[in-house]
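Peer 1: Next up is a structure, given as structure tokens.
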Amino acid sequence: MSADPTSSTREAHVTIVTQTRVRPEASDAFAAWQDGTSKAIAAFPGFLEQSVIPPNPPQQVDWVILQRFASQPAAVAWLNSAERLTRVQTVLPMLVGNDDVHLVKDEATGALPAPVSIVISTHIKPGQEEAYRRWEKRIAGAQSKAPGFQGYRFEPPIPGIQEDFLSILRFDSEKNLQAWLESPERQALLQDADDFMERFHTRTVRTGFDQWFRAAADGAAPPAAWKQNMIVLLLLYPVVFLFAVLVQTPVLMNLVGLPFPVALFIGNAVSVVLLDYLIPWTSVRFAWWLRPTASASFLRAVGGAVLVVLLYGVFVLIFTRLF
């Protein structure tokens with residue numbers, strides 16, 4: 001009798017990381033297909049949760065789907081299920097090339113998501129596995145010293161499931177990631193691997209507000225989503241209000257004569273650029289609340305939320321009286 005894939009409590013949770021490139025004209029059809037797949041997997045034994053990250057060009061051109069399972073056998077059962085394989089056949093005409101599908105154990109550090117991550121899939125020549133592992137230690141040591149480096153994962157092949165070695169690198173920004181990928185040190189290391197590396201390819205992943213909140217150096221998870229949203233709102237409101245009052249209405253609309261939709265679009269674009277600087281600065285000042293230590297009191301957690309709400313009120317009061 002085969003074991004129930006969800007019965008073992010000793011198995012670590014695993015995440016199926018799927019990266020797929022969709023033809024531009026098929027984006028809507030793929031989104032509908034993914035909705036159907038989400039409904040199908042929801043009832044599958046051992047399934048825990050799913051995150052779908054749409055493309056964010058030009059840095060991230062792939063769809064990224066993270067499907068978390070209670071154990072590796074449960075995840076493998078889903079990958080091999082007739083239901084999934086049938087759905088995969090229907091989506092193939094929408095795709096460019098093949099999917100990258102990998103299993104990542106949850107208990108190690110350096111897992112997705114991160115401000116910017118790159119997934120490197122490497123196929124090794126037969127009999128060269130040990131040489132590759134020694135080389136991987138060298139490049140891991142070098143990349144750990146690169147500016148902006150935040151975490152690293154290394155996953156060996158799983159026979160019958162994924163035949164390639166998998167590396168996941170996390171950086172705090174696209175600029176620092178590209179600097180490492182293009183660095184002379186990395187290029188020299190890649191040349192050293194020619195004798196045992198058959199092929200490799202890379203794919204980049206970005207996630208929503210995580211790019212604005214610095215990941216912890218020890219690979220800890222980003223702040224809770226509701227805290228991130230509160231900080232974003234705290235800064236978004238005054239930025240949008242002041243730009244509308246001081247620039248959008250008097251200059252763009254009244255002086256230049258731009259229609260409201262165009263002026264609003266410019267205001268939104270300016271707001272996003274400003275937040276890219278303001279939110280990292282603010283998140284450092286609120287680190288005691290965004291990333292509390294294990295010994296932090298409940299009062300501190302509540303106090304941070306109360307402080308942010310009070311600041312909301314201060315902005316509303318100031319703007320009401322001045323404008």
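The values are calculated or read from the model by the stated rules, or taken from the named source; none is laboratory data. This structure is a prediction, so every number in the text was calculated from the model and none was measured. Quick reminder, even Gly has a Cβ in these numbers, built from the backbone with ideal geometry, and neighbours come from all protein chains shown. Please note that ligands, DNA and RNA were not included when accessible areas were found on the heavy atoms of the full protein model with its side chains. Shrake-Rupley method; radii C 1.70, N 1.55, O 1.52, S 1.80 Å.
Peer 1: Select from region 149-180 the residues that are more than 30 Å from Ser81 (Cα to Cα) and acidic (Asp, Glu) and write down the one among them that is surrounded by the fewest Cβ atoms within 10 Å (Cβ to Cβ).
Peer 2: Only one residue fits best here, namely Glu174.
Peer 1: Taking Ile139 as meeting all but one of (1) over 14 Å from Thr202 (Cα atoms); (2) over 17 Å from the mean Cα position of the chain (by Cα); (3) open to solvent by 20 Å² or more (accessible area, probe 1.4 Å), write down the number of the exception.
Peer 2: Of the numbered conditions (1) over 14 Å from Thr202 (Cα atoms); (2) over 17 Å from the mean Cα position of the chain (by Cα); (3) open to solvent by 20 Å² or more (accessible area, probe 1.4 Å), the odd one out for Ile139 is (3).
Peer 1: Applying the selection to region 36-63, what residues are loosely packed, with under 13 Cβ neighbours inside 10 Å and in a loop (DSSP other than H, G, I, E, B)?
Peer 2: Those that are loosely packed, with under 13 Cβ neighbours inside 10 Å and in a loop (DSSP other than H, G, I, E, B): Ala43, Pro57, Pro58.
Peer 1: May I ask you to list the residues in region 20-35 that are open to solvent by 60 Å² or more (accessible area, probe 1.4 Å) and out of contact with any helix residue (DSSP H, G or I) (no Cβ under 7 Å at 6 or more places or on another chain)?
Peer 2: Across region 20-35, the qualifying residues are Arg21, Pro24, Glu25, Asp28, Ala32, Asp35.
Peer 1: Being charged (D, E, K, R), at pLDDT below 90 and either assigned to a strand (DSSP E or B) or farther than 27 Å from Asp192 by Cβ (or both) is the requirement here; does Arg87 meet it?
Peer 2: Judged against the criteria, Arg87 is not a match.
Peer 1: In addition: When you scan region 64-87, how many residues do you find that are under 15 Å from Ile161 (Cβ atoms) and either open to solvent by less than 60 Å² (accessible area, probe 1.4 Å) or not aliphatic (A, V, I, L, M) (or both)?
Peer 2: Matching residues across region 64-87 total 14.
Peer 1: Residue check: is Pro58 at pLDDT below 90 and closer than 24 Å to Thr202 by Cβ?
Peer 2: Yes, satisfied.
Peer 1: While we're looking at this one, here's another question. Is there any pair with a first residue in region 20-34 that is of a type in the set (Val, Ile, Thr) and a second that is at pLDDT below 90 and open to solvent by less than 30 Å² (accessible area, probe 1.4 Å) whose Cβ atoms are under 9 Å apart and which are 6 or more apart or on different chains, and what are they?
Peer 2: Thr20/Asp62; Thr20/Val64; Thr20/Ile65; Thr20/Asp100; Val22/Asp62
Residue-wise test of (1) more than 18 Å from Asp100 (Cα to Cα); (2) in a strand (DSSP E or B); (3) touching a residue at least 60 places away in the same chain (Cβ under 8 Å).
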{"position": "His123", "(1), (2), (3)": "no, yes, yes"}
{"position": "Ala146", "(1), (2), (3)": "yes, no, no"}
{"position": "Gln150", "(1), (2), (3)": "yes, yes, yes"}
{"position": "Gly160", "(1), (2), (3)": "no, no, no"}
{"position": "Phe200", "(1), (2), (3)": "no, yes, yes"}
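Peer 1: Output the number of residues of region 46-55 satisfying the condition of being over 15 Å from Phe30 (Cβ atoms) and either modelled with pLDDT under 85 or out of contact with any Pro (no Cβ under 9 Å at 6 or more places or on another chain) (or both).
Peer 2: 5
Peer 1: Next question. Within region 97-120, identify whether any single residue is at pLDDT 85 or above, open to solvent by 40 Å² or more (accessible area, probe 1.4 Å), over 24 Å from Ala179 (Cα atoms) and out of contact with any helix residue (DSSP H, G or I) (no Cβ under 8 Å at 6 or more places or on another chain), and answer yes or no.
Peer 2: no
Peer 1: Which of the residues that make up region 12-28 are modelled with pLDDT of 85 or more and over 18 Å from the mean Cα position of the chain (by Cα)?
Peer 2: Once the filter is applied, which keeps residues that are modelled with pLDDT of 85 or more and over 18 Å from the mean Cα position of the chain (by Cα), region 12-28 yields Val22, Arg23, Pro24, Glu25, Ala26, Ser27, Asp28.
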